[in-house]
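Working notes for the structure below.
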Ligand code: SF4
Ligand code: SF4
């Protein structure tokens, strides 16, 4: 466990699926040099297969006893999709726009498909995903080279590229499939939570650029931070798939508001909600019922009294109301030369009965 933990809260009620965050990240970190297919930040439509395809079914993470679970490494063509381009230059000659390969999958491939029957009860919502900078990272536990570490000063999880030999156990071990293999340099790479920005007091690019202002960033132990208030004080932000056992540090306000359903005659079914709560429970666990009740209660309170600190927080009128970072904190660390990368003793990993026998990972092939 790190001394302090940076965290992000994303309010799914406000995400419009515009992918500005994705582009902000891509242009900053991953637009060349073997990273073309990587999306350290992606935004997927739920329900849907996501990116990489069916990532929720590819294993990794820990069981209840703390044992690392078997995982699969997604296949570049079938599960990520090989990046393609279009024949822009030939368009002036009257050619029809066509991709330069025959893609079968890609990021956001199933955008806005969702589930249910149109027009009665079809629904979907967006989930932006980055590495969760987990407190108990499956990637770190799976790495036989000790190439993955969690920074003591802020809990950011990084790959030491000098140590990484490209074995890819980390990809199998991460249940969120948020590590990517760079075939050009034969190393694994991942979201770095924009630590060079954070150290200057700036939020990660995805959060800074977010059009919907859905992202809050700060230290979990800073009682004045928005993330502390949303996660610990008001307890309305929940981690994604906590059941994977990695203790994620990216939290979500679940979607609480959706349009009502229609009956067979096209009439509104009063009090209905298109998003089945069971689906939200799958993502955010049983606590989601309490969170939905709390937020709905706050909306009512606001209507009656005009007051609600939770809603004021979530509306986030100014950037200063969304990010609380501390450039001085990092400067002090740099001065004292403390807070170097520390390889944590991972208690859950150590206590697992079979954690030494991780050779059962299936590292070959892909998942179809
Ligand atoms: S989300 Fe995956 S890559 Fe990120 S820290 Fe957790 S286990 Fe590692
Ligand atoms: S920029 Fe913000 S609103 Fe747009 S997709 Fe990303 S998280 Fe959602």
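Report, by residue number, each residue of the stretch 268-293 that is over 17 Å from residue 239 (Cα atoms) and assigned to a helix (DSSP H, G or I).
293
All but one of (1) closer than 30 Å to residue 144 by Cα; (2) crowded, with 17+ Cβ neighbours inside 10 Å hold for residue 184; state the number of the condition that does not hold.
Failed condition: (2).
Given the conditions (1) in a loop (DSSP other than H, G, I, E, B); (2) in contact (Cβ under 8 Å) with a residue 40 or more places away in the chain; (3) within 25 Å of residue 28 (Cα to Cα); (4) away from ligand 1 (no atom under 11 Å from the Cβ), which single one is not true for residue 227?
The one condition residue 227 does not meet is (1).
Would you mind stating whether residue 265 is in a helix (DSSP H, G or I) and loosely packed, with under 15 Cβ neighbours inside 10 Å?
So residue 265 fails the test.
Would you point out the residue of the stretch 177-204, among those that are touching a helix residue (DSSP H, G or I) at 6+ places or on another chain (Cβ under 7 Å) and within 15 Å of ligand 1 (Cβ to nearest atom), that is farthest from residue 137 (Cα to Cα)?
204
Restricting attention to the stretch 233-256, and to residues there that are part of a loop (DSSP other than H, G, I, E, B) and within 16 Å of ligand 2 (Cβ to nearest atom), which single residue is surrounded by the fewest Cβ atoms within 10 Å (Cβ to Cβ)?
That would be 240.
Among the residues of the stretch 4-12, is there at least one that is part of a loop (DSSP other than H, G, I, E, B) and without any contact (Cβ under 8 Å) to a residue 40 or more places away in the chain?
No: the stretch 4-12 contains no residue that is part of a loop (DSSP other than H, G, I, E, B) and without any contact (Cβ under 8 Å) to a residue 40 or more places away in the chain.
Answer with yes or no whether residue 46 is crowded, with 16+ Cβ neighbours inside 10 Å, at pLDDT 95 or above and out of contact with any strand residue (DSSP E or B) (no Cβ under 7 Å at 6 or more places or on another chain).
So residue 46 does not fit the description; no.
So is residue 310 part of a helix (DSSP H, G or I), closer than 17 Å to residue 253 by Cβ and touching a residue at least 40 places away in the same chain (Cβ under 8 Å) or not?
So residue 310 fits the description; yes.
Among the numbered conditions (1) within 15 Å of ligand 2 (Cβ to nearest atom); (2) modelled with pLDDT under 95, tell me where residue 259 comes up short.
(1)
Which number in (1) outside any loop (DSSP other than H, G, I, E, B); (2) at pLDDT below 95 marks the one condition that residue 162 misses?
Unmet for residue 162, out of (1) outside any loop (DSSP other than H, G, I, E, B); (2) at pLDDT below 95: (1).
Which residue pairs have Cβ atoms under 7 Å apart, sit 6 or more places apart or on different chains, and have a first residue in the stretch 65-90 that is farther than 20 Å from residue 44 by Cα and a second that is part of a helix (DSSP H, G or I) and at pLDDT 95 or above?
Pairs that qualify, where the first residue is farther than 20 Å from residue 44 by Cα and the partner is part of a helix (DSSP H, G or I) and at pLDDT 95 or above, are 68/138; 68/141; 68/142; 68/173; 71/172; 71/173; 72/172.
Please go through (1) under 28 Å from residue 213 (Cα atoms); (2) away from ligand 2 (no atom under 16 Å from the Cβ); (3) out of contact with any helix residue (DSSP H, G or I) (no Cβ under 8 Å at 6 or more places or on another chain) for residue 145 and return the number of the only condition it doesn't satisfy.
Condition (1) is where residue 145 drops out.
Residues that are closer than 18 Å to residue 206 by Cα and within 9 Å of ligand 1 (Cβ to nearest atom): find the strands (runs of 3 or more DSSP E) completely inside the stretch 118-159 holding 2 or more of those.
In the stretch 118-159, there are no strands (runs of 3 or more DSSP E) which contain 2 or more residues that are closer than 18 Å to residue 206 by Cα and within 9 Å of ligand 1 (Cβ to nearest atom).
Residue 67 passes all but one of (1) within 16 Å of ligand 1 (Cβ to nearest atom); (2) at positive phi; (3) more than 20 Å from the chain's Cα centre (by Cα); which number fails?
Exception for residue 67: condition (2).
The values are calculated or read from the model by the stated rules, or taken from the named source; none is laboratory data. Model, not experiment: these values are computed from the prediction. Methodologically, a virtual Cβ is constructed for each residue, glycine included, from the backbone with ideal geometry; neighbour enumeration extends over all protein chains shown.
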